[in-house]
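*Asks:* Sharing a structure below in structure tokens format, with a few things to ask.
The values are calculated or read from the model by the stated rules, or taken from the named source; none is laboratory data. What you see is a predicted model; the values in this text were computed from it and never measured. So basically every Cβ, Gly included, is an ideal-geometry build from the backbone, and we count neighbours across all protein chains shown.
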Amino acid sequence: MGNQHRQDRPPARRRLQLPDQGHLLRASPARRTLPPAQPPGPSAAQEHGQATVELALLLPFLVLLLMCIVQTALVARDAVLVSHAARVGARIAAVEPSMDAVRTAVEHAAALDPDRLEVERHVTAELVRVTVRYRSATEVPLAGALVGDVHLTESAAMPDERPHR
């Protein structure tokens, strides 16, 4: 029974055997070798050139971004200094009646340009409030021209401790 099924199948195909042609290659006197096949796409030299062009196009934007970051840090530093100067001015105004003493204390409290600094004192029944206004110059090249000067204002209040007459 099992043998009948085998007889119904067609015979297996034989492999086609080619004659050995290796002797023709070995016998030829001028043997040429082909260069290795290049992968599709740009070569390594072209890739390097493309990276250089991309860097040259991107570099000005990166420099401008760096300058803007530096300018932002300088304005933030000035904001902290103005806040500190206002607190120092309020402390002095709480005990000292002279506006000149308050202005001198504010100028010496922080390394700010006195020409761009305004100091005001407001006295109420119980509090002394000092307001410091400062124009932070944007002096970083390119970034400063894009942004312009920044006006910073900070106030601080302290209890009035001056002797009342």
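*Asks:* Being surrounded by fewer than 19 Cβ atoms within 10 Å (Cβ to Cβ) and either outside any helix (DSSP H, G or I) or in contact with an Asp or Glu (Cβ under 8 Å, 6 or more places away or on another chain) (or both) is the filter here, so list the residues in segment 95-120 that pass it.
*Replies:* Across segment 95-120, the qualifying residues are Val95, Glu96, Pro97, Ser98, Ala111, Asp113, Pro114, Leu117, Glu118, Glu120.
*Asks:* With modelled with pLDDT of 70 or more, loosely packed, with under 13 Cβ neighbours inside 10 Å and within 26 Å of Val150 (Cβ to Cβ) as the only criterion, which of Leu65, Leu57 stands out? Don't jump to the end; show me each part of the working.
*Replies:* Working: Leu57 fails: within 26 Å of Val150 (Cβ to Cβ).
One residue alone meets the criteria, Leu65.
*Asks:* Going by what's in this entry, would Ala90 be described as farther than 20 Å from Gly148 by Cβ, more than 32 Å from the chain's Cα centre (by Cα), without any contact (Cβ under 8 Å) to a residue 60 or more places away in the chain and surrounded by 12 or more Cβ atoms within 10 Å (Cβ to Cβ)? Full working, then the answer.
*Replies:* Values: farther than 20 Å from Gly148 by Cβ: yes; more than 32 Å from the chain's Cα centre (by Cα): yes; without any contact (Cβ under 8 Å) to a residue 60 or more places away in the chain: no; surrounded by 12 or more Cβ atoms within 10 Å (Cβ to Cβ): yes.
Answer is no for this residue.
*Asks:* Kindly evaluate Asp78 against the criterion of being under 21 Å from the mean Cα position of the chain (by Cα), part of a helix (DSSP H, G or I) and at pLDDT 90 or above. If you could, list the steps in order and put the result at the bottom.
*Replies:* Working: under 21 Å from the mean Cα position of the chain (by Cα): yes; part of a helix (DSSP H, G or I): yes; at pLDDT 90 or above: yes.
So Asp78 fits the description; yes.
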